[in-house]
Amino acid sequence: MSVRSILLSLSASLASATNLYATHYSGTVYSLSLTQSQNESTLAISSQIDGCGPMPSWLTLDSAARILYCSDETGDASTNGSLSALSASSDGKLSVIASTDAAPGGGVNSVIYTGEHGAQYLAIAHYGGSALSTFALPLTPSSQPLQVFRYTFTTDDPNRRPQQDSPHPHQVFLDPTGSFVLVPDLGSDLLRVYSIDRTTGELKSNCADLSYPTGSGPRHGLFWETGDDHHSILTSQRGQTPAQIRRRGSNRRAQQQQQGAATLYTANELDGHLKVFEVSYVSNGCLSFDQIQSLVPYPTTNDSLPTGATLAEIRKAGTDGLYVSVRSDHGFAPFDSIATLTRHANATVQFDRLSSAYGTVPRTFVVNKAGDLVAIGDQASSNVAIVPRDPVTGVLGEAIANLQVGEPGEVGTAQGLSSIIWDE
């Protein structure tokens with residue numbers, strides 16, 4: 001064997017492939033393969049399937065069961081959308097397991113939560129449907145919602161933005177203990193808070209919601225556990241009901257209230273602010289929110305984003321890395337931006353830098369578990385860009401792969417690429 005053949009063989013053996021999944025508003029779910037070697041990285045479509053309704057909008061992966069739950073954004077408060085379960089093989093090939101048309105319309109985000117004896121449930125935010133729904137898992141063709149919370153305005157407010165024509169839940173996520181489901185409602189300027197009844201899997205609206213000033217438009221949020229002591233508190237509470245948390249005693253509650261149990265970060269779409277809250281678990285078994293910071297995560301002198309720009313998704317990585325995607329700012333014309341923030345020991349954040357989103361309207365982006373790669377899903381340009389991340393400094397580098405996925409969409413419409421996730 002020649003030296004060249006040996007080198008080629010060695011290079012091939014060192015190459016590694018990673019799967020990603022993406023949805024496109026045209027009705028297609030894509031499986032992507034990222035192949036990396038010492039010399040180059042290649043991103044390619046490995047398979048695709050039409051099995052998630054007319055407008056697939058979001059994917060949630062149960063990695064242990066190899067099941068993708070796909071929400072369909074079709075419909076509004078008067079019509080239904082759909083919810084589908086897709087089997088994902090180890091090579092990324094997808095097949096439909098089950099689908100139900102019983103979900104409310106406008107599904108845009110979902111999260112898996114757990115009950116007693118390993119029971120699993122899915123909570124879904126329905127933007128156009130002005131609703132939150134839950135389903136018991138596994139999904140079957142005859143599945144019906146376990147619960148549907150439908151939202152309406154109780155009062156008129158002339159200061160609401162045009163996008164706030166009705167309640168618009170945009171995300172669902174869990175607190176660090178897995179005992180609460182939180183729902184940023186862009187239309188209502190609320191972070192809705194639900195406790196989980198682990199016996200039944202039902203959500204209870206027995207806790208106060210977090211209110212924002214009119215016109216804020218909270219879109220996405222995440223929790224950050226604040227230190228080793230707090231981490232041990234949260235770990236000891238995972239899997240417990242709010243009542244069990246209450247019974248841990250007044251000393252523990254006092255410790256939580258004094259130290260704070262976690263920090264909440266939310267990105268507001270409409271006023272462009274990132275809000276920071278210290279969150280405590282209080283004596284009534286609910287959550288208490290204390291705002292400690294509000295800033296525009298952008299290099300600005302007038303406390304606002306560029307005209308027409310909006311915040312989209314927020315992600316964390318490493319010990320002090322926080323990122324927010326900024327749509328339609330044209331910070332790297334014609335491309336938009338990802339803002340990098342530095343998180344301080346007191347949980348406040350400071351704007352660090354902008355990096356290119358390598359496309360327009362970065363609706364979604366995800367950091368891999370290793371913390372060394374970021375996949376950016378640009379909606380309007382309908383491309384996926386893979387960007388290296390320095391796990392130590394958090395700095396994002398230049399794109400190592402970029403792939404067109406489906407047809408581009410028009411800015412401001414539900415067209416183009418709608419979500420991207422790693423298969424991890």
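Within region 381-397, can you find the residues that are small (Gly, Ala, Ser) and open to solvent by 10 Å² or more (accessible area, probe 1.4 Å)?
Once the filter is applied, which keeps residues that are small (Gly, Ala, Ser) and open to solvent by 10 Å² or more (accessible area, probe 1.4 Å), region 381-397 yields Ser381, Gly397.
Can you tell me which residue is nearest to Gly129 (Cα to Cα) among those in region 63-74 that are of a type outside the set (Val, Ile, Thr) and buried (at least 18 other Cβ atoms within 10 Å of the Cβ)? Show your work before the answer.
Taking region 63-74 first, the residues of a type outside the set (Val, Ile, Thr) are 63-66, 68-73.
Right, trim to buried (at least 18 other Cβ atoms within 10 Å of the Cβ) and you get 68-73.
On the way: Leu68: 22, Tyr69: 18, Cys70: 16, Ser71: 12, Asp72: 11, Glu73: 9 Å.
By that ranking, first place goes to Glu73.
Kindly indicate whether any position in region 75-90 is open to solvent by 50 Å² or more (accessible area, probe 1.4 Å), more than 23 Å from Arg219 (Cα to Cα) and not β-branched (Val, Ile, Thr).
Checked against the condition, which is being open to solvent by 50 Å² or more (accessible area, probe 1.4 Å), more than 23 Å from Arg219 (Cα to Cα) and not β-branched (Val, Ile, Thr), region 75-90 yields at least one hit.
Quick one: which of Val326, Val276, Val366, Val361 is of a type outside the set (Ser, Thr, Tyr), farther than 30 Å from Gly406 by Cα and open to solvent by less than 40 Å² (accessible area, probe 1.4 Å)? Steps first, please.
Values: Val326 fails: farther than 30 Å from Gly406 by Cα; Val366 fails: farther than 30 Å from Gly406 by Cα; Val361 fails: farther than 30 Å from Gly406 by Cα.
Only one candidate passes the filter, namely Val276.
Across region 191-233, what is the total count of residues that are part of a loop (DSSP other than H, G, I, E, B), farther than 18 Å from Tyr151 by Cβ and modelled with pLDDT of 95 or more? Before you say what the answer is, go through the steps one by one.
Keep residues of region 191-233 that are part of a loop (DSSP other than H, G, I, E, B), which gives 197-202, 205-209, 212-217, 226-227.
Applying the additional criterion that residues be farther than 18 Å from Tyr151 by Cβ yields 197-201, 213, 226-227.
Applying the additional criterion that residues be modelled with pLDDT of 95 or more yields 197-201, 213.
The total comes to 6.
So how many residues does region 360-378 have that are part of a loop (DSSP other than H, G, I, E, B) and touching a residue at least 40 places away in the same chain (Cβ under 8 Å)? Talk me through it step by step, then tell me what you get.
Of all residues in region 360-378, those part of a loop (DSSP other than H, G, I, E, B) come to 360-361, 368-372.
Next, only the ones that are touching a residue at least 40 places away in the same chain (Cβ under 8 Å) stay: 360-361, 368-369, 371.
Residues that pass the stated criteria total 5.
Take region 1-60 and flag every residue that is open to solvent by less than 60 Å² (accessible area, probe 1.4 Å), aliphatic (A, V, I, L, M) and modelled with pLDDT of 95 or more.
The answer is Leu20, Ala22, Val29, Leu32, Leu34, Leu43, Ala44, Ile49, Met55, Leu59.
Restricting attention to region 274-309, report how many residues are assigned to a strand (DSSP E or B) and of a type in the set (Ser, Thr, Tyr).
4
The values are calculated or read from the model by the stated rules, or taken from the named source; none is laboratory data. Values in this document were obtained by computation on a predicted structure and should not be read as measured data. Positions of Cβ are backbone-derived with ideal geometry, glycine not excepted, and every protein chain shown enters the neighbour counts. Ligands, DNA and RNA are excluded from the accessible area calculation, which covers all protein heavy atoms including side chains. Shrake-Rupley method; radii C 1.70, N 1.55, O 1.52, S 1.80 Å.
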